[in-house]
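The values are calculated or read from the model by the stated rules, or taken from the named source; none is laboratory data. What you see is a predicted model; the values in this text were computed from it and never measured. Glycine gets a Cβ as well: all are built from the backbone with ideal geometry, and neighbour counts include every protein chain shown.
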Amino acid sequence: MSEKQNQFDRRNFLKAAGAAGLGSVLASTGRTSAGEKPQKPKYPQVPKRKLGKLEVEIPSLSFGTYQVDVENQILLRKTLQYGVNFWDTAYNYGGGNSELGIGKYLTKNKKARKNLFLVTKASGAKTPEEIEKRLATSLERMNTNYIDLYYGLHQCSNPAWITEDIRKWAESAKKRKLIKHFGITTHQNPAKVMAAAAKFPWIEVIMTPYNFYLMQDPEMQAAIDACHKAGIGLIAMKTQGMGQKINTDADKKLVNHFLQRGFTKEQAKIKLVLEDKRFSSACVGMKNISVLNSNLAIAFDKTKLTQADREVFREYAAATCDGYCPGCSDICNSALDHVSYVSDIMRYLMYHNSYGEQAEARRLFAKIPAGVRNKLLSTDYSAAEARCPQHLPITKLVAEAVSKLA
């Protein structure tokens with residue numbers, strides 16, 4: 001297919017999908033067990049990749065169910081139609097409603113479980129006892145007796161959390177057939193956490209933020225290389241690299257460049273991550289069918305980004321870095337005389353400003369200890385601002401967060 005034809009198909013993909021269904025737009029491929037007659041799937045299937053050293057293949061596009069609840073069932077069905085059978089949730093998503101929504105679906109569609117790669121996380125747990133309780137609740141909510149991939153350490157920000165006791169728990173849970181694979185996720189200090197985790201062969205998968213900003217970080221690239229060499233499966237999240245600034249001149253330049261290439265900026269950001277073959281999948285939140293269709297279009301698209309495209313991303317990252325927090329909380333904390341929660345606050349403000357998740361942002365902000373919240377406006381952040389590699393205006397952003405989230 002020529003570049004011109006590929007671009008034409010990409011631009012008309014969503015229109016065609018809405019009118020006739022994706023099955024009429026793209027060719028399908030079938031997969032069968034030994035002895036079975038080959039059957040052609042009704043819908044095209046998202047390409048799969050091997051998950052690290054595991055004998056498991058997962059779709060290159062996976063479904064972040066943060067916004068799924070007991071009422072929003074159509075998204076679950078639609079993802080499975082196109083082979084997006086990697087469902088990622090967590091104990092605390094939606095106050096438990098995400099897991100309950102999956103449980104409702106599996107109760108009504110019992111046969112779906114065998115083709116599903118179900119993933120959840122032990123939100124807030126740091127000890128084996130806490131992890132065990134979270135897992136038991138998740139199993140009950142989702143009406144399943146096992147989890148395919150369990151992130152026993154969720155939002156791990158300190159390598160010291162990776163202990164021998166956690167390893168023993170993971171082995172026990174596998175023996176009891178409660179989980180098939182064990183992994184961790186990291187939001188803060190991802191490079192340090194990943195570099196440490198690469199030395200533990202019992203950690204099979206890591207979910208980490210990864211986007212055009214973090215691609216510029218040599219420490220992050222070294223940590224990814226170490227994990228990839230160790231055979232750890234890597235799942236990318238936060239692929240959009242959303243920050244605090246919206247509709248700047250740099251944003252307009254990015255949008256215009258990729259529209260001429262036939263992509264939305266959101267699609268281009270996902271494509272950039274998917275072209276890094278060290279990652280098995282990009283886990284993306286999809287709150288409605290329109291977003292799902294847009295992401296499916298880019299998962300099926302075979303156009304390669306050019307060096308010029310990558311340079312546009314590099315320039316955009318440099319121009320807007322003071323609006324993006326990469327989660328290096330150790331730097332902020334080392335500059336202040338108390339645990340500052342600056343990195344958390346930047347993330348919650350991002351949820352409010354860029355994700356449209358105002359209620360969730362307020363809920364999370366309210367969980368910051370009252371003693372810390374009461375000091376937010378009186379704290380001197382000048383030292384943290386001086387050390388911040390992104391040059392974030394921390395004082396201004398914390399004040400904005402207090403105004404919007406308190």
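Within the stretch 40-74, restricting attention to residues that are of a type in the set (A, V, I, L, M, F, W, C) and farther than 18 Å from T239 by Cβ, which residue is modelled with the lowest pLDDT?
V70
Any residue at all in the stretch 300-322 that's at negative phi, surrounded by 19 or more Cβ atoms within 10 Å (Cβ to Cβ) and touching a Ser or Thr at 6+ places or on another chain (Cβ under 9 Å)?
Taking every residue of the stretch 300-322 in turn, at least one turns out to be at negative phi, surrounded by 19 or more Cβ atoms within 10 Å (Cβ to Cβ) and touching a Ser or Thr at 6+ places or on another chain (Cβ under 9 Å).
Out of the residues in the stretch 206-241 that are outside any strand (DSSP E or B) and among the polar types (S, T, N, Q), state the one that is farthest from E57 (Cα to Cα).
Q216
Return a yes/no flag: does the stretch 323-331 have any residue that is in the same structural domain as L51 (by TED's automatic domain parsing) and free of Cβ contacts under 8 Å to residues at least 60 places away in the same chain.
no
So which residues in the stretch 168-209 are among the hydroxyl-bearing types (S, T, Y) and in contact with a Leu (Cβ under 8 Å, 6 or more places away or on another chain)?
Passing the criteria: T185, T208.
Does E71 satisfy the condition of being surrounded by fewer than 18 Cβ atoms within 10 Å (Cβ to Cβ), closer than 23 Å to E360 by Cβ and out of contact with any helix residue (DSSP H, G or I) (no Cβ under 7 Å at 6 or more places or on another chain)?
Answer is yes for this residue.
Which of the residues belonging to the stretch 287-335 are among the hydroxyl-bearing types (S, T, Y), outside any helix (DSSP H, G or I) and within 24 Å of T208 (Cβ to Cβ)? Before the answer, list the steps.
Our first condition is that a residue be among the hydroxyl-bearing types (S, T, Y); within the stretch 287-335, this holds for 290, 294, 303, 306, 316, 320, 324, 329, 334.
Restricting the remaining residues to those that are outside any helix (DSSP H, G or I) gives 303, 306, 324.
Scanning the stretch 287-335 gives a single hit, Y324.
Being in a helix (DSSP H, G or I) and either outside the structural domain of A384 (by TED's automatic domain parsing) or closer than 21 Å to S378 by Cα (or both) is the filter here, so list the residues in the stretch 336-358 that pass it. Steps first, answer last, please.
Let us first name the residues in the stretch 336-358 that are in a helix (DSSP H, G or I), namely 342-355, 358.
Scanning the stretch 336-358 gives V342, S343, D344, I345, M346, R347, Y348, L349.
Run I246 past the list (1) within 14 Å of Y324 (Cα to Cα); (2) at pLDDT 95 or above; (3) surrounded by fewer than 19 Cβ atoms within 10 Å (Cβ to Cβ); (4) among the aliphatic types (A, V, I, L, M) and report the number of the one that doesn't hold.
Result: I246 fails condition (2) only.
With the requirement that a residue be of a type in the set (S, T, Y) and out of contact with any Cys (no Cβ under 7 Å at 6 or more places or on another chain), what does the stretch 149-202 give you?
Y150, Y151, S157, T163, S172
Of all residues in the stretch 80-110, count the ones that are closer than 19 Å to A236 by Cα and either modelled with pLDDT under 95 or hydrophobic (A, V, I, L, M, F, W, C) (or both).
Looking only at that region, the number is 5.
Hey, any hits in the stretch 248-255 for a residue that's in the same structural domain as Q155 (by TED's automatic domain parsing), small (G, A, S) and assigned to a helix (DSSP H, G or I)?
Taking every residue of the stretch 248-255 in turn, at least one turns out to be in the same structural domain as Q155 (by TED's automatic domain parsing), small (G, A, S) and assigned to a helix (DSSP H, G or I).
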